[in-house]
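Below is one structure, written out as structure tokens; comments come after it.
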Amino acid sequence: MKSKLAWAVFGVTLAASLGLRLVALTAAETFGTMSILLCAVLAVGVAVCFFACRTDHTMVRLPFSGRVLSIAYIAAGILLTGITIVYQAWNKTGLFPYTTGICTILAVAAGLMLCLQGCLFAADGQNYFAAHPMLALIPALWCCAELVLQFRINVSEAVNLENILRTGSLIFLLLTLQSLAQMAAQVRRVSRGRLFGLGFGAVTFCVVSVLPKIGSVSAAAYPPGLLWVLLVLSAYVMISLCTVRPMTREELTGETEDEEEPEVRPVVMKDAPALSVHLQRGNRPVIASREDRRPLSQSEMEKRLERVLVQYLGQRYNAKCYFYSHKKLY
């Protein structure tokens, strides 16, 4: 990311919101003055960070291969599946069992897709999702199902800070996972500013929602294991942001074939004695080109001269065979 302002605002917002979150937990308030102040700091900080990132319009892509990225994707997939299954078996009963079951199934499928994508990163740049783009959207579909479940919880419960933070985390995480899926499936070009703007918001909300609650009872409460999953996915998003690469000109234009070099025609020197003197001194004939006037190195000039002469002789010189006989035929 070129914008240092975005990184600075991200760090300041994260530090300030974590401090306010700890103060709110110490005061044991569900939704009060500190909660309102925390929400205001998060809203302003994430908005400034998002608009600061939007100034970078460089199109980016995921690397074709990478050991660190493959390990991060495989670990995120395993942890997402394992945590969801364990906490779902732990909390068998809930207010919305059918929605929770759908979220669990989608979480297992999303974890498998992340593991598959990590394995493909380790397999010399194979891209399975380019041919099957819908599979890359499964993590985003799981996040969408979790967001629907969180909205149902918000309606059934009183307003509190934890639900607000989880809702903001899922919204930004959904948009970030959708952008990463578009990059993996190559269905749409994603700018670095948009990806970082959404990713910074997702990481900020997830960290503020999870870190102060680690070790408490709410980390194991309903919805099953969501806080631990948010912590894992925030690390996954941060690693993805740090490993994206800018797209090359060939990838942007879609041109993969090499451009044809302009035709270079040799200049025949008419002064035969001068040519023989140059050859005796070790000087080479000069190659002239109207299309390319830059000076050529010795090796490049020799290769180009050899190629052009072969083409010139093949096009202009018609070989003929003559047979001679010492005997008279009449």
Counting only protein heavy atoms and leaving out ligands, DNA and RNA, the solvent-accessible surface of residue 121 at a 1.4 Å probe, in Å² to the nearest 10, equals 20 Å²
With a Förster distance of 56 angstrom and the Cβ-Cβ distance between residue 313 and residue 191, calculated FRET efficiency to the nearest 0.05 equals 0.60
The ³J(HN,Hα) series, computed from each phi in region 163-171 with the Karplus coefficients 6.51, -1.76 and 1.60 at θ = phi - 60°, rounded to the nearest Hz and given as x for glycine or proline, is 5, 5, 5, 5, 5, x, 5, 5, 5
With every protein chain kept in place and a 1.4 Å probe, the residues 144, 39 fall, from largest accessible area down, as 144, 39
If the chain between residue 15 and residue 128 were fully extended at 0.36 nm per residue, the gain over the current Cα-Cα distance would be 36.8 nm
Applied in sequence order to region 179-185, the curve 6.51 cos²θ - 1.76 cosθ + 1.60 (Karplus, θ = phi - 60°) yields integer Hz couplings, x standing for Gly and Pro, of 5, 5, 5, 5, 5, 5, 7
When every protein chain stays in place and a 1.4 Å probe is rolled, 142, 7 sorted by accessible area with the largest first are 7, 142
Rounded to the nearest 10 Å², the accessible area of residue 211 using a 1.4 Å probe with every protein chain kept is 80 Å²
With x for Gly and Pro, the residue-by-residue ³J(HN,Hα) of region 103-110, computed from phi through the Karplus equation 6.51 cos²θ - 1.76 cosθ + 1.60 at θ = phi - 60° and given in whole Hz, is 5, 5, 5, 5, 5, 5, 5, 5
Relative to the compact-globule estimate 2.2 N^0.38 Å (N residues), the Cα gyration radius of region 1-249 stands at a ratio of 1.00
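The values are calculated or read from the model by the stated rules, or taken from the named source; none is laboratory data. Note that the structure is a prediction, hence the values are computed from the model and not measured. Cβ: placed from backbone, ideal geometry, glycine included. Neighbour counts: every protein chain shown. In case anyone asks, the SASA skips ligands and DNA or RNA and just uses the protein heavy atoms, side chains included. Shrake-Rupley method; radii C 1.70, N 1.55, O 1.52, S 1.80 Å.
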